[in-house]
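Participant: Could you have a look at this structure, given as structure tokens, before my questions?
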Amino acid sequence: MILTLPIVGSQALNMVSDGKTFKMLIPPKNCAIVGSDVVTNSSQKGLYSLRPAVILDSLLIHGLEPDQIVTMTQDSRVIENPKKRKDLIQDPDYDIEFLSQPQGQTARTLHVVHIDRMNLLPWRQDIYNAEGKIETQAFYSNYQKFGDITFPTKIVIQRPLDELGLTITITKGTTFNQPLLEDQFKLDIPDTTAHLTNMDDPASATIKDPCAAHVPQSQH
């Protein structure tokens, strides 16, 4: 994943993953971080809690795995009337809850997908951690057709426990199912990078902003 700065277009962040570990280069701070694909330290917040799996799990909703069970309920949400924005209407939905296999009499919620009953498209997904708390909320809107694929052009990702939010906008020029080359998942950290932090190192948890001290100083 590559993020660019608005207007100037220079690279703000470059992040890659091999499915187990990740690397993130932050050029404006002359800094890089590496570590496991999952957060191993709950004290890491904001940018330092961002992992590739967060993006992937929000973009692509996982289906039912062999070791999971599922329940479905019906509910509704209150939204603005698209024809009269001052009016509110009730929009019915299906809530599909994916559960782990029961341990004794208890099954743990893994994620819940909220599907609009009018068009059968997901509008929200809640992903839970092992403690039963919502760690990721993804909101899907502005669906459009890309060839034979219907996909949301706006995805808002919220990580309430990590104090992190991210909005992904899909443009009309997006082409799905393109071949991915192996070197797209490689990232070489330049030798000129001032600081490299391993986010799996317990000592890193005591540093609120490990890259802050390495931001290039202004010449003024």
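Coordinate-derived values only; no laboratory data. Computed from a predicted structure; not experimentally measured. Neighbour counts are summed over all protein chains in view; Cβ atoms, including those assigned to glycine, are modelled from backbone coordinates with ideal geometry.
Participant: Taking only the alpha-carbon positions of the range 2-214 and ignoring solvent, what does the Debye formula give for the base-10 log of I(q)/I(0) at q = 0.08, 0.14, 0.15, 0.17 Å⁻¹?
Facilitator: Cα-only, vacuum Debye calculation for the range 2-214: -0.36, -1.04, -1.15, -1.34.
Participant: Taking the Cα centre of the range 1-140 as origin and charging only Cβ (+1 Lys, Arg; -1 Asp, Glu), how large is the dipole, in debye to the nearest 20?
Facilitator: Once rounded to the nearest 20, the dipole reads 620 debye.
Participant: Here's another thing I want to ask about it. Let's test the formula: R0 of 30 Å, r as the Cβ-Cβ distance of Gln103 and Ile61. What FRET efficiency results, to the nearest 0.05?
Facilitator: Given R0 = 30 Å and the Cβ-Cβ separation, E is 0.75.
Participant: Multiplying the sequence separation of Ile7 and Thr21 by 0.36 nm and subtracting their Cα-Cα distance, what value in nm do you get?
Facilitator: That pair, Ile7 and Thr21, stretches by 1.9 nm at full extension.
Participant: Could you check the simple spin-label distance between Glu80 and Leu180, using points 7 Å along Cα→Cβ, in nm with one decimal?
Facilitator: 3.5
Participant: Work out the charge dipole of the range 119-220 with +1 on the Cβ of Lys and Arg and -1 on the Cβ of Asp and Glu about the Cα centre, then indicate which of Ala212, Gly165, Leu121 is farthest towards its positive end.
Facilitator: Checked the options; the winner is Leu121.
Participant: Another question, if that's okay. Order these by the 10 Å Cβ neighbour count, fewest first: Tyr48, Tyr140, Tyr94.
Facilitator: Fewest-to-most ranking of Tyr48, Tyr140, Tyr94: Tyr94, Tyr140, Tyr48.
Participant: Taking the Cβ-Cβ separation of Lys145 and Arg117 as r and a Förster radius of 25 Å, what is the calculated FRET efficiency to the nearest 0.05?
Facilitator: E(calc), rounded to 0.05, equals 0.75.
Participant: Follow-up question, since we're still on this one. With n ≥ 4 as the cut-off for DSSP H runs, can you work out [θ] at 222 nm for the chain, using -39500 (n - 2.57) per run divided by the number of residues, rounded to the nearest 500?
Facilitator: Mean residue ellipticity at 222 nm (helix-derived): -1000 deg cm²/dmol.
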